[in-house]
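The values are calculated or read from the model by the stated rules, or taken from the named source; none is laboratory data. All of these numbers come straight from a predicted model, not from anything done at the bench. Here Cβ is always computed from backbone atoms with ideal geometry, including for glycine, and neighbour counts include all displayed protein chains.
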Amino acid sequence: MASTPEFQHTVGKTASLSGTALHTGEKVSLKLHPAPVGYGIKFKRKDLQDEPTIDAKIDNLKTVERATTIGEGSVRVHTVEHVLAALSAMGVDNAIVEMDANEPPIGDGSAQPYVDLIKKAGVTVQEEPQKFFDVREPMHVESKTGALLVLLPDEKFRISCTQAGPNNRFTQFLSMEVTPTAFEREIAPARTFVYYEDVQPLMDKNLIKGGSLENAIVVRGEAVLSKEPLRFADEFVRHKILDIIGDLALVGRRLRGHVVAVKPGHATNAELVRALAREQTRRSAMAVSRAMPAGNGGLDTDEVMKILPHRYPFLMVDRIIGFEGENKITGVKSITINEPFFQGHFPGHPVMPGVMQVEAMAQVASILLFKLTKTSSRVGYFMSADQVKFRKPVFPGDTIFIHAELTRARGNRLAKTKCHCVVNDAVVSEGELMFTFLDK
Ligand SMILES: [Zn+2]
């Protein structure tokens with residue numbers, strides 16, 4: 001299966017699986033459905049009103065305590081890493097994971113049940129090419145607890161992992177190329193393991209109501225307790241690799257690179273994914289043409305002012321360079337020392353206020369929304385800003401490229417956009433902006 005890795009894949013038909021949720025101990029059934037190209041992996045909560053879906057993307061990552069939890073609004077899905085690892089390693093890019101609970105079945109604590117499920121459903125090739133993340137230069141993240149993840153350029157997706165328990169007990173090492181065949185044979189059967197000293201507090205916190213020796217290996221001192229004997233002498237490092245693959249799936253692209261991991265855990269895995277997502281954002285911004293078009297394609301200042309009511313000194317976009325498809329727009333603003341805000345921000349050390357960059361994002365995004373609504377009777381109002389980060393200062397003389405992408409539209413009422421400002425090929429600020437449409 002998945003013999004054409006350069007194309008996207010989904011499952012051939014719906015297949016289902018039921019079992020027990022690890023944390024709540026409740027019964028849960030899970031269905032894997034085919035999904036169209038570009039859909040990615042989304043979890044659907046069939047048990048909730050309106051059956052909300054949650055995108056398996058790093059932006060939706062909520063917690064990493066022992067397992068990986070994603071969510072949007074108040075909706076959560078816990079322990080997504082094993083099902084994501086199986087989908088990603090078996091080459092499934094697009095699928096709906098429908099569940100009637102907040103967590104997939106734990107099965108035997110490995111990814112084996114999900115590999116079986118995917119094989120039952122089949123993997124079929126789709127028409128669109130695959131999206132890759134190619135590692136171009138070394139990146140790394142580390143934690144105070146000694147976890148270290150290094151990402152190196154490689155033509156293949158490889159993982160070299162060192163696992164070590166307390167006092168370096170059960171130190172194990174494995175290096176492999178991640179392919180569907182290797183995953184199925186070497187990684188998928190490896191089960192979750194816990195240290196005895198960690199189990200009691202988890203039980204006290206009610207974090208593992210469905211936990212038993214049937215779905216986890218318990219390590220106590222030198223002894224290994226489980227219902228079934230170890231499946232591999234180095235089962236622990238194999239499960240660590242499984243978790244890395246599952247967490248890295250939150251990038252939403254196939255990785256071409258070599259992950260070198262020392263004592264990895266969900267928290268550092270997630271941090272690496274965040275770093276990859278930031279780098280991807282930077283690259284996408286670079287890929288946009290920066291030439292100033294005349295006439296078609298972009299909008300000059302006059303045209304911008306026909307759409308936006310803002311005027312000097314509050315017009316924060318000079319031109320629209322272009323639109324990409326229906327959902328993307330790039331604007332430009334040249335910042336000069338004559339901007340009035342430099343007088344007070346700060347005398348002798350002029351720095352563009354971050355809020356003015358957010359305003360610039362809002363203005364560019366509202367031009368995109370204006371184009372989308374295609375009607376002049378409604379106007380988009382800037383409602384809220386989330387996840388706003390200012391990464392680098394902006395100085396007089398800088399040219400800001402303002403990118404906005406529509407990420408979600410609910411009916412005709414609400415729209416969510418992801419925006420970022422770029423100066424000299426570096427992201428200087430970013431944020432998620434929400435808009436509401438009202439009649440004029
Ligand atoms: Zn795991």
Exercise. Could you list, in sequence order, all residues of region 386-423 that are surrounded by fewer than 17 Cβ atoms within 10 Å (Cβ to Cβ), more than 20 Å from the chain's Cα centre (by Cα) and not hydroxyl-bearing (Ser, Thr, Tyr)?
Key: Lys392, Pro393, Phe395, Pro396, Gly397, Arg410, Gly411, Asn412, Arg413, Leu414
Practice problem: Just one of (1) loosely packed, with under 14 Cβ neighbours inside 10 Å; (2) at negative phi trips up Leu369, so point out which. | Solution: (1)
Quiz item: So Ala275 clears everything in (1) surrounded by fewer than 18 Cβ atoms within 10 Å (Cβ to Cβ); (2) modelled with pLDDT under 90; (3) not in a loop (DSSP other than H, G, I, E, B) except one condition, right? Which one?
Solution: (2)
Quiz item: Out of all the residues in region 79-113, which are away from the ligand (no atom under 14 Å from the Cβ) and aliphatic (A, V, I, L, M)?
Solution: Leu87, Met90, Val92, Ala95, Ile96, Val97, Met99, Ala101
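Output the number of residues of region 200-223 satisfying the condition of being within 18 Å of Ala164 (Cα to Cα) and either out of contact with any helix residue (DSSP H, G or I) (no Cβ under 9 Å at 6 or more places or on another chain) or loosely packed, with under 15 Cβ neighbours inside 10 Å (or both). It would help to see each step written out before you state the result.
Our first condition is that a residue be within 18 Å of Ala164 (Cα to Cα); within region 200-223, this holds for 216-223.
From what's left, either out of contact with any helix residue (DSSP H, G or I) (no Cβ under 9 Å at 6 or more places or on another chain) or loosely packed, with under 15 Cβ neighbours inside 10 Å (or both): 220-223.
Here the count works out to 4.
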Quiz item: Is it true that Glu186 is assigned to a helix (DSSP H, G or I) and modelled with pLDDT of 90 or more?
Solution: yes
Quiz prompt | Selected residue (only one of Lys131, Lys144 is under 24 Å from the mean Cα position of the chain (by Cα) and surrounded by 14 or more Cβ atoms within 10 Å (Cβ to Cβ)) | solution = Lys131
Exercise. Determine whether Leu117 is within 16 Å of the ligand (Cβ to nearest atom), outside any loop (DSSP other than H, G, I, E, B) and crowded, with 19+ Cβ neighbours inside 10 Å.
Key: no
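Give the residues of region 41-71 that are charged (D, E, K, R) and over 20 Å from Gln280 (Cβ atoms), sorted by residue number.
Going through region 41-71, the residues charged (D, E, K, R) turn out to be 42, 44-47, 50-51, 55, 57, 59, 62, 65-66.
Those that are charged (D, E, K, R) and over 20 Å from Gln280 (Cβ atoms): Lys44, Arg45, Lys46, Asp47, Asp50, Glu51, Lys62, Glu65, Arg66.
Rundown of residues vs (1) over 19 Å from Leu117 (Cβ atoms); (2) of a type in the set (S, T, N, Q), yes/no style:
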residue	(1), (2)
Val28	no, no
Lys44	no, no
Gln49	yes, yes
Ala56	no, no
Asn60	yes, yes
Ile70	yes, no
Quiz item: Are there any pairs with C-beta distances below 8 angstrom linking a residue in region 161-187 that is among the small types (Gly, Ala, Ser) to a residue that is in a helix (DSSP H, G or I) and modelled with pLDDT of 95 or more, with the two at least 6 apart or on different chains, and if so which?
Solution: Gly165/Phe236
Quiz prompt | Any strands (runs of 3 or more DSSP E) falling wholly within region 193-271 and containing at least 2 residues that are away from the ligand (no atom under 16 Å from the Cβ) and touching a strand residue (DSSP E or B) at 6+ places or on another chain (Cβ under 7 Å) | solution = 223-225, 254-262
Self-check item: Residues located in region 177-192, provided they are away from the ligand (no atom under 15 Å from the Cβ) and out of contact with any Phe, Trp or Tyr (no Cβ under 9 Å at 6 or more places or on another chain)
Solution: Pro180, Thr181, Ala182, Glu184, Arg185
